[in-house]
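Worksheet for the structure shown next.
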Amino acid sequence: MEKELNNISEDIVTFQKKHNLTDNELAFNVHITVERLHDIKSMESDPTPEEHAIIKKYFNQHA
């Protein structure tokens, strides 16, 4: 059974499509490793509250 995307994972995918960003570019822009971004995106692990805030802040600033 497929996992349903959680909100942050869905937001990441949507933002990347809208802004034509690769995982490497987004990870660099939000100052996390691409491996960590992959874990969050694939829902292997949840972002820390700090990571969540950084990602959302970046999205809001570049909407």
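Taken together, the values in this text are just the output of simple stated rules run on the coordinates, not laboratory data. Just so we're clear, the structure is a prediction, and the values are computed from it rather than from any experiment. Here the Cβ is made from the backbone with ideal geometry for all residues, glycine too, and neighbour counts use every protein chain on show.
Observations
- Close pairs (6 angstrom Cβ cut-off, 6 or more residues apart or separate chains): within 11 Å of Ile12 (Cα to Cα) in region 22-51, assigned to a loop (DSSP other than H, G, I, E, B) anywhere: Ile40/Pro47
- Residue, surrounded by the most Cβ atoms within 10 Å (Cβ to Cβ), within region 1-38, restricted to residues that are acidic (Asp, Glu) and over 9 Å from the mean Cα position of the chain (by Cα): Glu25
- Per-region count, region 1-56, residues out of contact with any Ser or Thr (no Cβ under 9 Å at 6 or more places or on another chain) and basic (Lys, Arg): 3
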